[in-house]
Amino acid sequence: MVTETKKERKNMEHPEDIVSYIKNLDGPADGQSVNALLKAIFRGFRMNSIEEIFNSNNYYAIIEGSWLVSELGEKASNLNDVLEKMLGFDHYYIKYCFIDSCITSRRKSECMIIKSIWRFLDDLDIRVRTRAIEWVASADRDALRALWEYGCKEMAREEHFSYEEIDMTYVVNHPLIGDRRFRAVLIGISMRKRFFEKWIDMKIEHEDSALIEILKKTGVKISN
């Protein structure tokens, strides 16, 4: 953990100094300083400071930059280059932060987000999968439709029901219900279409820990 004296912290009151500090980290950052930069950005400090942090190619800096992106809310939608770079890392925390930024984005149906969420629904790390499922739970109809269409294309399902045609019978009999990505998307659609509880009352044959966690958060009883 990086520690700072009062004098050092005083010298970093200016956001530019904090950016420089983060870019040159040799270990975990002081949270108070990074949080101060976040507040400065919300007060109008330049957004491209995030890009500078990522362009430093400093591992510790990129970790802190990922947290900043996840906390920016809708502002992160203007950081396409940074979001693209985040997708190039395999670290679970960076992927988690990327999904966080997508949850708050108003542009959920964009191709980059849809393709990434589909990939993260099958991630090896349960923390990433769970967060991706939470994105599905937060998605609007257009985003779910886009994810459904993309998933069907990726799985070479040329013949499939449209979003509007999906009902309980389709969910039960879908040949790919054992695929955790399809299962997660169908959960999102069934939640949106209000037949979620009927599905969960069934025995879940293909249990997945990330899936179960999001189901528990809904308060719906899961059959044994």
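Please determine, by comparing only the residues of region 23-36 that are among the hydrophobic types (A, V, I, L, M, F, W, C) and not in a helix (DSSP H, G or I), which one is farthest from residue 98 (Cα to Cα).
25
Kindly indicate whether residue 76 is in a loop (DSSP other than H, G, I, E, B) and not hydroxyl-bearing (Ser, Thr, Tyr).
No; evaluated as a whole, the condition is false for this residue.
Testing residue 96 on (1) closer than 28 Å to residue 162 by Cα; (2) without any contact (Cβ under 8 Å) to a residue 40 or more places away in the chain; (3) within 12 Å of the chain's Cα centre (by Cα), one condition comes back false. Which one is that?
(1)
Before we move on, is residue 39 in a helix (DSSP H, G or I) and without any contact (Cβ under 8 Å) to a residue 12 or more places away in the chain?
Here the answer is yes, as residue 39 does meet what is asked.
What's the total number of residues in region 128-140 that are surrounded by fewer than 22 Cβ atoms within 10 Å (Cβ to Cβ) and at pLDDT 90 or above?
Total satisfying the criteria: 0.
Looking for whichever is among the acidic types (Asp, Glu) and touching a residue at least 40 places away in the same chain (Cβ under 8 Å) here; the options are 149, 134. Which one fits?
The match here is 134.
Being under 27 Å from residue 148 (Cα atoms), of a type in the set (S, T, N, Q) and assigned to a helix (DSSP H, G or I) narrows it down to one residue among 101, 109, 66, 49; which is it?
Step by step, each of 101, 109, 66, 49 is checked, and only 101 is under 27 Å from residue 148 (Cα atoms), of a type in the set (S, T, N, Q) and assigned to a helix (DSSP H, G or I).
Give me a count of the residues in region 10-31 that are more than 23 Å from residue 48 (Cβ to Cβ), modelled with pLDDT of 85 or more and of a type outside the set (Gly, Ala, Ser).
Taking region 10-31 as the starting set, the residues that turn out to be more than 23 Å from residue 48 (Cβ to Cβ) are 10, 26-28.
From what's left, modelled with pLDDT of 85 or more: 26-28.
Checking which are of a type outside the set (Gly, Ala, Ser) leaves us with 26, 28.
Summing the residues that are more than 23 Å from residue 48 (Cβ to Cβ), modelled with pLDDT of 85 or more and of a type outside the set (Gly, Ala, Ser) in region 10-31 gives 2.
The values are calculated or read from the model by the stated rules, or taken from the named source; none is laboratory data. Please read these numbers as outputs of a predicted model, since none were measured by experiment. As a convention, Cβ positions derive from the backbone with ideal geometry for all residues, glycine included, and neighbour counts pool all protein chains shown.
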